[in-house]
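Notes follow the structure.
The values are calculated or read from the model by the stated rules, or taken from the named source; none is laboratory data. Bear in mind that the values here come from a model prediction, so they are computed numbers and not experimental data. Counting neighbours? That spans all protein chains shown, and the Cβs are built from the backbone with ideal geometry, glycine included.
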Amino acid sequence: MKNSRCKEHDYERRITRELKEYFPNAITSRSGARYEDAKGIDIINTGMFNIQTKDRQNLNLFDVLSKEMPDNQNINIVFWKCNRQRDIVSWINRIFMSYYKY
């Protein structure tokens, strides 16, 4: 059985591969920018999005979005996988509504 750190790294790499269709230069921040990794961004080169990935059962999405990720002009998004279930993508509602206003 994999430990949680390996599971999270594998999930991060899988989401990065999937995002390459939309962001060809997307890479994990661990391999590309330690500074971004320290700010809570797992995948970089994704345009206006700060992306973090989580593969764990218990997660407080609000804490991740509002406390663990940077407060800058980019949109904070969390990809979350819980116990082999489907992926959940989450971001703060007011940002979503303003983004799709038109």
Restricting attention to segment 31-61, which residues are modelled with pLDDT under 85 and of a type in the set (Lys, Arg)? Arg34, Lys39, Arg56
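Per-residue answers, yes or no, for (1) outside any helix (DSSP H, G or I); (2) modelled with pLDDT of 90 or more; (3) among the aliphatic types (A, V, I, L, M):
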| position | (1), (2), (3) |
| --- | --- |
| Arg5 | no, no, no |
| Glu8 | no, no, no |
| Glu21 | yes, yes, no |
| Asp63 | no, no, no |
| Phe79 | yes, yes, no |
| Tyr102 | yes, no, no |
Identify all residues within segment 23-49 that are part of a helix (DSSP H, G or I), loosely packed, with under 15 Cβ neighbours inside 10 Å and either of a type outside the set (Lys, Arg) or touching a residue at least 12 places away in the same chain (Cβ under 8 Å) (or both); write none if there are none. Ser31, Tyr35, Ala38
Looking only at segment 55-78, how many residues end up being under 17 Å from Arg5 (Cβ atoms) and either loosely packed, with under 15 Cβ neighbours inside 10 Å or not aliphatic (A, V, I, L, M) (or both)? 5
How many residues are polar (S, T, N, Q) and not in a loop (DSSP other than H, G, I, E, B) when one looks only at segment 65-77? 2
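So is Gln52 surrounded by fewer than 16 Cβ atoms within 10 Å (Cβ to Cβ), free of Cβ contacts under 8 Å to residues at least 40 places away in the same chain and polar (S, T, N, Q) or not?
Numbers: surrounded by fewer than 16 Cβ atoms within 10 Å (Cβ to Cβ): no; free of Cβ contacts under 8 Å to residues at least 40 places away in the same chain: yes; polar (S, T, N, Q): yes.
Criteria not met by Gln52.
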